[in-house]
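A short reminder: the numbers here are calculations on the coordinates, not readings from a lab. From a predicted model like this one, the values you see are computed outputs, not experimental measurements. Because the Cβ atoms are built from the backbone with ideal geometry, glycine has one as well, and the counts that use them run over all protein chains shown.
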Amino acid sequence: MYLSEDIKPISYLKAKTADVINSVCENQRTVIITQNGEAKAIVQDIKSYEGLQNSLNLLKLIVQSESDIEKNNIIEQSKMFSDLETELF
């Protein structure tokens, strides 16, 4: 992260909204928007946002799977594939 380039005051965003949007889409770097010297929001391109959301969803699945294993809430692999085949065909 290039703090001198990636942190901008809200007044900059107001004055140069199109430039900020074009920049984040082009270089795929998030811009942090400050208000009264505090970080308040971010501007991020949609592809980076989607990638982040997909990563978070995968992490949630891993945590859920680990929890199921700890609670012994599991089934044999062969049974799982057999049940899946039955549902699909």
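Taking the Cα centre of the chain as the origin, how large is its charge dipole in debye, to the nearest 20, when only Lys and Arg (+1) and Asp and Glu (-1) carry charge on their Cβ atoms? Could you put the intermediate results ahead of the total?
Working: 9 positive and 14 negative charges, 124 e Å.
Dipole size: approximately 600 debye.
Calculated FRET efficiency, S78 and Q28, Cβ-Cβ r, R0 41 Å, to nearest 0.05? Intermediate values should be presented prior to the final figure.
Numbers: r = 43 Å, r/R0 = 1.06.
Efficiency for this residue pair is about 0.40.
If you take every DSSP beta bridge fully contained in the stretch 3-44, what fraction is antiparallel? Give it as a percent rounded to 5.
Taking every DSSP beta bridge within the stretch 3-44, about 60 percent pair in antiparallel fashion.
Let's test this: bin the Cα-Cα distances of the stretch 44-89 at 10 Å from zero up to the farthest pair and state each bin's percent.
Result, from short to long distances: 23, 26, 31, 17, 2 percent.
As a check on your grasp of the helix formula, calculate [θ] at 222 nm for the chain: sum -39500 (n - 2.57) over DSSP H runs of n ≥ 4, divide by the residue count, round to the nearest 500.
Taking each H run of at least 4 residues, the total per residue is -20000 deg cm²/dmol.
Looking only at the chain, where both bridge partners belong to it, what percent of the DSSP beta bridges are antiparallel (to the nearest 5)?
60
What percent does the relative contact order of the chain come to when contacts are Cα pairs within less than 8 Å and at least six residues apart? The partial results should precede the final answer.
On the way: 62 pairs, mean separation 17.3, N = 89.
Relative contact order, the chain: 19 percent.
Let me spell out the model: positive unit charges on the Cβ of Lys and Arg, negative unit charges on the Cβ of Asp and Glu, origin at the Cα centre of the stretch 47-88. What dipole size does that give, in debye rounded to 20?
Around 240 debye, computed over the stretch 47-88.
Please report, largest first and rounded to whole Å, the three semi-axes of the ellipsoid equivalent to the stretch 1-65, where each semi-axis is the square root of five times an eigenvalue of the C-alpha gyration tensor.
27, 14, 9
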